[in-house]
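Notes follow the structure.
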Amino acid sequence: MSRKTKPTVKQTPTVEVPWKAILSCAFAVAVFLFYVLKQTHLIIYQEWGQMFQFTSEYFIDRIAVPGGLARYLGEFFTQFYHTPWVGAVIIALLATAVHRLSWAIARRDGAGDAAFPISFVPALLLLAFMSYADTLLSYPIAMAAALLSCLLFRPTRKNALILLPYIAVFYHLFGTTAYIVALYEAAMLVAIGIREKKAASCCLLAAMLTAWTFAVVWISTFYTPYPLWRIFKGIPYHSVPTEIPSLQIHSMWITSAAIAAMALLPRWKMKPIITSAITVVLVAVGMKLTAEKYNTDLNYLISYDSLVYTEQWDKILNRKDIFDKVTTMSVACCDLALAIRGQLADNLFDYPQMGAEGLFLFMQRDNLSSNVIGEILFRIGMVNEAQRFFYDSQESLFNHNKSTRLTKRLTEIEIVNGQYDVARKYLHQLAKTLYYRGWANEQLLLLGNEDAINNHPLYGRLRSLRSKEDYIFQPNRLFYILESLYKQNPDNFLANQYMQAAIPLIKSKKRP
Amino acid sequence: MNTHTLKAFAALTVLLLLSSCTDSPKNPIGESKLPAIYPDYTDVTIPVGIAPLNFEVTGAERIDVTVNGKSGKPLHVNGKRADFPIDDWHKLIEANKGQKLTVTVCTRENGKWHAWKDFNINVSPHKLDAWGLTYRRIAPGYEIWGRMGLYQRQLANFDESPILENSSIESGCMNCHNSWRTNPDRFVFHIRGKHGATLVQTENGRKWLNTKTEETLGTCVYPYWHPSGRYIAFSTNDTKQIFHAVNNERIEVFDYASDLQIYDVETDELILSPLVKQPDWMESYPVFAPDGKTLYFCTSRKYEDIGTDYNKIQYNICSIAFDADRGEWGDHVDTLFNAVQMDKSAVHPRPSYDGRYLMFTLCDYGCFPIWHNESEQWLMDLTTGQSRPIDEANSPRADSYHNWSLDSHWFVFTSRRENGLFSLLYLASIDDDGRVSKPFLLPQKNPRRYYDRLMFSYNTPDFTLHKVKLDRRAASSEVLSDKRTPMKVRQGWNTGAD
């Protein structure tokens, strides 16, 4: 008797939806859109706050300090912020890399798909840290490098020993994101040790690895010219050392903890659609909370400064928040925009004012205000005074970077003043950059050519506007300075605008 | 192809390769002019032991340089610039002490070689008694400072190292450093800002002083050691800045007020005298004579309305006695150099350590001559009282702050002759007859590249007998700890009643 066989049913092949990849891509797009639509001012701010040069001296200067390679690479990529959407792409790619690397590490070490939403936590923390305008691109690069190191070194007892010299090298190249490596590897070693009933040896290795990491940092305090606390926090990630947010260190240990948690959590079975939904909700809430962190006073001022820098005068005047959030800086930027449009005298009180202080900002001495004051004075023809504000603004960059924007302005002023030797020095610096070398080489050809400079639309005009008589600059004599400038050259319509505005503002004690 | 041919071909190839590497001058076109070298080291006088005077020729594709002396093996270099091997250079200089070296330069331009007129480098018979230089480097800014530090540079080579950088003290401002007769075993410098202090380092260790007291104007600023090593003369200055509008002027730095005081290292006392603490006068830049019995300083009448009277502030150089045994100021002030009569201002007095000369800076007005294009160095012969401008060393741009080497035959000074903004260091010698040599720019391995890329000025240079030893890490912690030694004050002046 023959055995009956069941008829074979043709099965439709199931297509596995790469839902994790789709979510990662969606995240990348969301970050890109967030930056390109809402945060271009931060991108612009970071770009002009440095002057990356393709020279060996620049490289050596950076690499000489722990974390130097992260700083060098960060500044290399930051130069591309010159085109803001490219900057948004770079940030989106780095944030997504942090997320994907976190997932790859956790997956390798045992994470189930249900833990996928947690893989966005390090990236969200990173974005939250980057809400501080002075957080540098060196940090996401160093973070990604640390995560890559975790991926390269599976947490085993053998690798714990190899990591000892590796962490020393890593620290010197990428800085204190070495803590991420050490903490993750140590946490996993302890967990593995408990699981494999080798707790004692694994705990010892974990403790040794952690202690060694801190020892490497401590040893560097003997040859790194920074205070102890700054070295332990990490040097190149934030440009204002006395204001390093605690989120810098918290994002490191939370990243390690999040990845360890993903790897050690039970592998719950969950349908991809559920996991995706949880991911979307978590990331959406996370991004919303993160986005709110970007609404800081400093970022608000940066937005005005960037509009002045990029000469978007109508955008300043059409800002929706121009009446809601009034500061001396926003008033000064607004008044400059009005003056450029020839409307300052007529429409002065149609916009918020803060007396004469709002017109020129002289009482404020932070580098953003100095930029705006410099731009006002530069355009009026008070080039020597503008030079002082631009120079001081550059010197006030806490990480001692040179600035493309400010060096360019200083060069222009030196050319106007006929100080060609100094101009040449600045131009040689700019000629070593990617985006400014063309401009620098054009100006070098002008040096010494008085006819060309006098006929230049910018230099010639400023030469005609600047004062022929010396005076000592005193803010309380500004009206008389403006009057003198206007008398010397009635074409100086900006001086005239400001002079006409100064009288009612000095008399007015109105505050919005 | 047989072996012989192969060998000949190989030899020819090697020869061709070598010749393209060295590319020596062939049938150069003779030129009657001096080569346009940078830096300009033609006819300078150098001490034995100085680092090589590397240079390049503007516009040259390649240069070929030979340095010949009466003794020693000549130096020959061929390349994009003259980069002399350090050891060979030192041997040649040493062998020709007191003699001159002849430098022959050929350049290749547009494929053609040119042979330029030879120039000399004179090797001084006078030893430069110093290991190196100390100085501050800071950007030539206005009211805000960024990166800066105190550095030391060995004169025999190009090695520079930081003494202390402001990155390690949370960006404080540091300057006004001085060694005891160029010996850094006793060293002082001042820090301004959030963690302000005055460091006094001696064989007994470091002290961080809080030099501000109720009785004095402010903190101690410009220091100068007494030859005994027991005292330091300081000024205390209320310094401000104002800013010019026109292109050839930038900043005016001036004092609203300033006084002098002497710090006793052993007792932590500030010794005051009303003669150098006058309400209607300003006293600044104190320095001791090498015998320690006299203190030189500058003094000017005070003006209230700086905005209009800034160009009336003019300093004379004066002197007052000092009794080191009793720690007392003298009872009267003498005028040594009356710059006001010339409608000028004289500042930065610096006596040579042999007591023969007093160097100072003369400018139209004010006390910060580096911002004055017209400022220049002057030399007073203390044996005759005669003063003259050091025309051999001065330039059309600002020449300012200077210090002597211990042997008193060399001095270093800052000058803005290169571009009018960035101060660089120049060294010059003075012979037994008071003739000053043409100054030479502090040598660098690749001077064009180095100085073009340097975005800092050199300030307050001084010679140092040996390397300054400062434990930077410990110093940084001490500065940031804000633990300071307070001052006591005593009036210490000879009333003449004795």
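The values are calculated or read from the model by the stated rules, or taken from the named source; none is laboratory data. These figures come from a predicted structure and were not determined experimentally. Note that we place each Cβ from the backbone using ideal geometry, even for glycine, and neighbour counts take in every protein chain shown.
Overview of values
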quantity	calculated
Residue ranges of helices (runs of 4 or more DSSP H) in the range A:274-352 with at least 1 members within 23 Å of A:PHE493 (Cα to Cα) and under 24 Å from the mean Cα position of the chain (by Cα)	A:297-309, A:313-317, A:328-340
Of all residues making up the range A:225-283, the number that are of a type in the set (Phe, Trp, Tyr), within 14 Å of chain B (Cβ to nearest Cβ) and surrounded by fewer than 19 Cβ atoms within 10 Å (Cβ to Cβ)	2
Meets criteria (within 14 Å of chain A (Cβ to nearest Cβ) and buried (at least 19 other Cβ atoms within 10 Å of the Cβ)) for B:SER124	no
From B:SER408, B:SER352, residue being touching a Phe, Trp or Tyr at 6+ places or on another chain (Cβ under 6 Å) and surrounded by fewer than 21 Cβ atoms within 10 Å (Cβ to Cβ)	B:SER408
Any hit, the range B:146-160, residues being at pLDDT below 95, crowded, with 18+ Cβ neighbours inside 10 Å and not in a strand (DSSP E or B)	yes
Helices (runs of 4 or more DSSP H) contained entirely in the range A:397-510, each with at least 2 residues that are touching a helix residue (DSSP H, G or I) at 6+ places or on another chain (Cβ under 9 Å) and within 11 Å of chain B (Cβ to nearest Cβ)	A:404-416, A:420-430, A:459-465, A:478-488
Residue match in the range A:210-224 (condition: part of a helix (DSSP H, G or I), without any contact (Cβ under 8 Å) to a residue 60 or more places away in the chain, surrounded by 16 or more Cβ atoms within 10 Å (Cβ to Cβ) and within 12 Å of chain B (Cβ to nearest Cβ))	no
Qualifying residue in the range A:111-125 (condition: farther than 30 Å from A:ASN401 by Cα, assigned to a helix (DSSP H, G or I) and of a type in the set (Phe, Trp, Tyr))	yes
Scan of the range B:237-260 for residues that are crowded, with 17+ Cβ neighbours inside 10 Å, more than 8 Å from chain A (Cβ to nearest Cβ) and either outside any strand (DSSP E or B) or of a type in the set (D, E, K, R) (or both), ordered by number	B:ASP255, B:ASP259
Which listed residue is more than 13 Å from chain B (Cβ to nearest Cβ), more than 22 Å from A:PRO504 (Cα to Cα) and without any contact (Cβ under 8 Å) to a residue 24 or more places away in the chain, from A:ASN295, A:ASN299	A:ASN295
Selection from the range A:115-143 of residues that are surrounded by fewer than 24 Cβ atoms within 10 Å (Cβ to Cβ) and of a type in the set (Gly, Ala, Ser)	A:ALA128, A:SER131, A:ALA133
Count - residues of the range A:20-66 that are of a type in the set (D, E, K, R) and either in a loop (DSSP other than H, G, I, E, B) or under 23 Å from A:ASN299 (Cα atoms) (or both)	2
Tally, over the range B:156-185, of residues that are within 14 Å of chain A (Cβ to nearest Cβ) and in contact with a strand residue (DSSP E or B) (Cβ under 7 Å, 6 or more places away or on another chain)	11
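Quick grid of which residues meet (1) under 23 Å from the mean Cα position of the chain (by Cα); (2) within 14 Å of another protein chain (Cβ to nearest Cβ); (3) of a type outside the set (Phe, Trp, Tyr):
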residue: B:LYS91; (1), (2), (3): no, no, yes
residue: B:ASN96; (1), (2), (3): no, no, yes
residue: B:ARG108; (1), (2), (3): no, no, yes
residue: B:TRP116; (1), (2), (3): no, no, no
residue: B:ALA130; (1), (2), (3): yes, no, yes
residue: B:ILE138; (1), (2), (3): yes, yes, yes
residue: B:GLY146; (1), (2), (3): yes, yes, yes
residue: B:GLN154; (1), (2), (3): yes, no, yes
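Residue-wise test of (1) farther than 21 Å from A:GLY342 by Cα; (2) crowded, with 21+ Cβ neighbours inside 10 Å; (3) among the β-branched types (Val, Ile, Thr); (4) touching an Asp or Glu at 6+ places or on another chain (Cβ under 8 Å).
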site	(1), (2), (3), (4)
A:ALA356	no, yes, no, no
A:ASP366	yes, no, no, no
A:ASN371	yes, yes, no, yes
A:ILE380	no, yes, yes, no
A:VAL383	no, yes, yes, no
A:PHE389	yes, yes, no, no
A:GLU395	yes, yes, no, no
A:HIS400	yes, no, no, no
A:THR404	yes, yes, yes, yes
